[in-house]
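Notes follow the structure.
The values are calculated or read from the model by the stated rules, or taken from the named source; none is laboratory data. Values in this document were obtained by computation on a predicted structure and should not be read as measured data. When we count neighbours, we look across all protein chains shown, and the Cβ atoms used for this are built from the backbone with ideal geometry, even at glycine.
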């Protein structure tokens with residue numbers, strides 16, 4: 001294939017995040033992981049939601065897309081189904097993913113497409129100046145509702161294949177988790193869901209608190225991420241103890257959406273040349289089916 | 001048409017309505033009749049009238065078979081097949097003294113006084129026979145079919161053939177039961193004195209011209225497929241679901257994806273995500289789903305994402321009357337969504353037109369990188385008609401401005417939203433080396449980077465709208481019918497197409513000379529509409545909505561409003577040509593009185 005490294009295209013933007021924002025670490029680790037995994041920029045699609053984190057696609061050299069609020073997952077799935085050869089990553093915040101887009105998250109767990117989804121969880125709405133988000137604890141800004149736990153949500157789907165939680169304050173582990181997630185999707189094994197605790201320095205600075213509360217499952221030898229029941233129990237226990245579990249929470253095998261939906265005998269939708277006539281026999285069959 | 005049994009007129013135009021409770025199988029009878037008449041070389045048109053439930057409630061299906069060209073159900077019913085008394089009560093107003101009624105008298109004889117004087121009645125206890133002989137009420141429609149078929153002059157063997165075609169895919173047992181029921185019906189007909197070949201009509205077998213039996217939704221699905229569409233997502237909703245179902249069956253064979261999503265928001269956004277990769281995409285829905293999709297449509301407009309949207313309109317607002325036809329989404333199709341963005345709205349008038357306009361829509365979306373909407377309505381979507389096989393060899397599929405890796409390599413700079421003379425920017429799909437770019441619904445610069453620069457904003461907005469100005473030259477023009485010098489004009493879309501065509505024939509017989517323009521592009525409003533209105537003294541714009549949305553759209557766009565007479569109908573009933581003719585005669589008389 002012709003390379004065109006000399007063609008000038010957009011210059012990646014500088015992040016719009018506040019100094020000290022957890023999202024810097026997420027971006028840095030993501031770039032490093034993609035590099036390490038050998039994903040070329042022209043094969044990468046990074047789709048982002050709305051919110052502070054939903055600007056990450058502007059900062060990387062890749063095919064970037066800025067989705068509507070809450071709709072990053074459907075758009076990402078559409079891209080993956082149309083061209084499964086692409087590495088397709090969705091990114092966004094906890095408001096985008098767990099509030100306005102929660103319905104799509106449920107159905108993405110259910111359908112298991114080979115996409116990676118990074119949720120930068122800062123437990124508030126940073127871009128609109130600090131309102132409570134679906135993960136905010138009771139007491140934050142008069143919030144009276146208990147926060148949503150995406151790991152417990154993910155565990156409840158029999159089709160879930162990859163669940164992990166990282167922490168921007170632990171970039172080394174985050175890198176391992178991202179690489180594992182990319183490996184998972186590149187192998188077509190399904191939906192890699194990665195929540196990253198990414199504190200908001202301006203409206204809800206949880207950095208110290210979260211550092212004190214995180215519990216690393218990856219270093220707990222008694223923890224078995226392939227045992228759903230045990231994982232659920234452990235996560236609940238840790239929660240009751242005031243801990244936030246991080247690390248590889250769960251892994252499993254389940255057919256991926258694209259492996260079920262795509263016709264393996266045919267060229268993928270976006271790779272077909274527009275205007276070819278290779279399917280004329282099916283068109284003729286359609287006509288025949290409607291004739292007497 | 002005469003119903004004189006002895007002279008047996010040749011069947012030229014017959015309307016049959018089969019009515020009962022939902023689940024009685026009225027639609028099955030009509031579908032099989034349509035197949036039989038189509039096989040005999042006649043043209044057919046069918047219509048369904050159901051409630052939004054699976055069983056119960058009055059349900060009816062109508063079929064018209066004819067030797068000429070008709071694109072709607074006629075004004076009078078020649079044969080009513082009533083599976084209960086309510087079916088007679090509801091449909092008696094469509095009968096005339098020459099009509100024939102086949103009635104299921106299992107629950108007792110038909111109450112007197114329900115039928116017009118002269119109507120001939122054939123009563124038999126279909127339900128009771130089905131229960132007694134077959135232990136299943138289900139087969140009553142197949143029993144009735146024997147009598148209906150004989151009355152209409154169909155041959156017994158051709159009926160058996162169609163039964164076999166219809167039921168064999170449901171297994172031998174079901175087929176055998178239905179054939180048994182048909183034979184019971186034929187036997188019953190013998191007893192009633194309706195022998196084979198001695199029905200009310202003689203069907204003159206015609207040189208069998210090949211005809212498809214197809215509904216608008218299937219034609220849309222097929223048009224999309226033939227135009228290279230390979231990605232469809234949607235959420236089931238009446239009356240659009242057949243687009244999804246047809247594509248789920250056929251697209252995977254062509255390597256495409258047709259997926260039922262969790263809601264309409266996912267439907268449109270999944271289609272957008274797919275479109276970003278360069279595949280031709282479509283989604284289909286009805287009013288409620290179309291409302292939900294507004295944000296996505298605007299996004300596709302500003303992000304310049306090509307996509308086709310099908311709105312199979314039904315009676316609104318809100319949940320409205322889900323199975324009833326209306327054309328009340330015109331405002332939202334043309335003006336819906338926040339902010340300003342370009343779009344194209346096309347409006348077919350017949351299943352045949354649906355195919356060719358969907359090909360156009362798919363090509364236009366790709367070329368102009370904007371949402372293209374197809375305005376359907378319940379009747380156009382779901383009524384089955386006979387059409388000539390589509391001319392596949394004449395379909396032209398032209399890709400838009402796409403860049404290959406080689407094209408990109410030759411460029412100094414690649415800008416996804418680069419300014420150009422026609423407003424259309426070149427597009428390198430993801431996977432193209434060097435074509436990395438940003439797509440966003442935010443206002444952006446040529447590279448796709450977010451920008452609020454006022455100069456850029458104006459240039460970008462103008463660029464997007466300029467595409468529509470350029471597109472005008474090739475957008476599908478309206479179709480003109482009738483005498484171009486006629487003083488009276490009609491404008492109507494979708495399901496009104498066949499009704500207006502037939503009405504202008506009858507009006508001519510009554511001394512009113514009229515012409516008809518069927519607009520095929522609703523937005524932008526093309527010159528052909530202005531010219532048509534200018535050439536008439538008076539133009540009746542038929543709106544199937546309460547506010548006169550089509551008339552207002554045209555007047556808002558500067559069509560000579562002094563000539564527009566708006567007719568609005570929103571009772572959920574489909575027009576019949578006779579109804580329109582009467583309306584026009586009355587209006588014309590008033591007009592004359594005013595002039596004197």
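Within segment A:51-95, can you find the residues that are more than 9 Å from chain B (Cβ to nearest Cβ), more than 14 Å from the chain's Cα centre (by Cα) and touching a residue at least 60 places away in the same chain (Cβ under 8 Å)? Passing the criteria: A:51, A:52, A:84. Only one of the numbered conditions (1) more than 27 Å from residue B:260 (Cβ to Cβ); (2) more than 14 Å from the chain's Cα centre (by Cα); (3) within 11 Å of chain B (Cβ to nearest Cβ) is violated by residue A:33, and that is (3). Starting from residues that are crowded, with 18+ Cβ neighbours inside 10 Å and closer than 28 Å to residue A:62 by Cα, keep the ones in segment B:382-404 and report whichever is nearest to the other protein chains (Cβ to nearest Cβ). Per the criteria, the residue is B:400.
Is segment A:108-119 home to any residue that is touching a residue at least 40 places away in the same chain (Cβ under 8 Å), facing chain B (nearest Cβ under 7 Å), under 14 Å from the mean Cα position of the chain (by Cα) and part of a helix (DSSP H, G or I)? The answer is no, given that none of the residues of segment A:108-119 is touching a residue at least 40 places away in the same chain (Cβ under 8 Å), facing chain B (nearest Cβ under 7 Å), under 14 Å from the mean Cα position of the chain (by Cα) and part of a helix (DSSP H, G or I).
Taken together, the residues in segment B:194-231 that are part of a helix (DSSP H, G or I) and within 11 Å of chain A (Cβ to nearest Cβ) amount to 7. Checked against the criteria, residue A:152 does not count as more than 21 Å from residue A:75 (Cβ to Cβ), within 18 Å of the chain's Cα centre (by Cα) and in a loop (DSSP other than H, G, I, E, B). Criterion first (closer than 29 Å to residue B:47 by Cβ, touching a helix residue (DSSP H, G or I) at 6+ places or on another chain (Cβ under 7 Å) and not assigned by TED's automatic domain parsing to the domain that holds residue B:371) does residue B:526 satisfy it? Spelling it out, it is not the case that residue B:526 is closer than 29 Å to residue B:47 by Cβ, touching a helix residue (DSSP H, G or I) at 6+ places or on another chain (Cβ under 7 Å) and not assigned by TED's automatic domain parsing to the domain that holds residue B:371.
Residues that are under 34 Å from the mean Cα position of the chain (by Cα), under 30 Å from residue B:45 (Cβ atoms) and not assigned by TED's automatic domain parsing to the domain that holds residue B:47 number at least 2 in the following strands (runs of 3 or more DSSP E) confined to segment B:349-466: B:371-377, B:384-387.
Considering only segment B:127-140, I want to know if a residue exists there that is in contact with a strand residue (DSSP E or B) (Cβ under 9 Å, 6 or more places away or on another chain) and surrounded by fewer than 21 Cβ atoms within 10 Å (Cβ to Cβ). Yes: one or more hits. Taking segment B:149-164 as the range and being out of contact with any helix residue (DSSP H, G or I) (no Cβ under 7 Å at 6 or more places or on another chain) and part of a helix (DSSP H, G or I) as the test, the residues that pass are B:151, B:157, B:161. The combined condition, being surrounded by fewer than 20 Cβ atoms within 10 Å (Cβ to Cβ) and modelled with pLDDT under 95, is not fulfilled by residue A:242.
I'd like the full set of residues that are within 7 Å of chain A (Cβ to nearest Cβ) and either without any contact (Cβ under 8 Å) to a residue 24 or more places away in the chain or more than 22 Å from the chain's Cα centre (by Cα) (or both), limited to segment B:232-253. Of everything in segment B:232-253, those that are within 7 Å of chain A (Cβ to nearest Cβ) and either without any contact (Cβ under 8 Å) to a residue 24 or more places away in the chain or more than 22 Å from the chain's Cα centre (by Cα) (or both) turn out to be B:252, B:253.
Test residue B:284 against the stated conditions and say whether it is within 14 Å of another protein chain (Cβ to nearest Cβ), closer than 22 Å to residue B:241 by Cα and in contact with a helix residue (DSSP H, G or I) (Cβ under 8 Å, 6 or more places away or on another chain).
no
Say whether the condition of being crowded, with 24+ Cβ neighbours inside 10 Å and under 27 Å from residue B:547 (Cβ atoms) is met by at least one residue in segment B:245-253. Scanning segment B:245-253, I find no residue that is crowded, with 24+ Cβ neighbours inside 10 Å and under 27 Å from residue B:547 (Cβ atoms), so the answer is no. Among the residues of segment A:276-292, those that are more than 19 Å from residue B:255 (Cα to Cα) and either at the interface with another protein chain (Cβ under 7 Å from one of its Cβ atoms) or touching a residue at least 40 places away in the same chain (Cβ under 8 Å) (or both) comprise A:290, A:291, A:292. Considering only segment B:405-434, state which residues are without any contact (Cβ under 8 Å) to a residue 24 or more places away in the chain and within 7 Å of chain A (Cβ to nearest Cβ). Residues satisfying the conditions are B:406, B:411, B:412, B:413, B:414.
Yes/no matrix, rows are residues, columns are (1) surrounded by fewer than 23 Cβ atoms within 10 Å (Cβ to Cβ); (2) in contact with a strand residue (DSSP E or B) (Cβ under 8 Å, 6 or more places away or on another chain):
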site: B:449; (1), (2): yes, yes
site: B:457; (1), (2): yes, no
site: B:460; (1), (2): yes, yes
site: B:468; (1), (2): yes, yes
site: B:471; (1), (2): yes, yes
site: B:488; (1), (2): no, yes
site: B:494; (1), (2): no, yes
site: B:506; (1), (2): yes, no
site: B:517; (1), (2): no, yes
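The condition of being over 25 Å from residue B:354 (Cα atoms) and either in the same structural domain as residue B:351 (by TED's automatic domain parsing) or surrounded by 24 or more Cβ atoms within 10 Å (Cβ to Cβ) (or both) holds for only one of B:178, B:269, that being B:178.
Quick one: is residue A:233 exposed (fewer than 15 other Cβ atoms within 10 Å of the Cβ) and away from chain B (no Cβ under 13 Å)?
The answer is yes for residue A:233.
Checked against the criterion of being surrounded by fewer than 17 Cβ atoms within 10 Å (Cβ to Cβ), over 26 Å from the mean Cα position of the chain (by Cα) and either under 30 Å from residue B:389 (Cβ atoms) or away from chain B (no Cβ under 13 Å) (or both), the candidates A:266, A:273, A:253 yield just one match: A:273.
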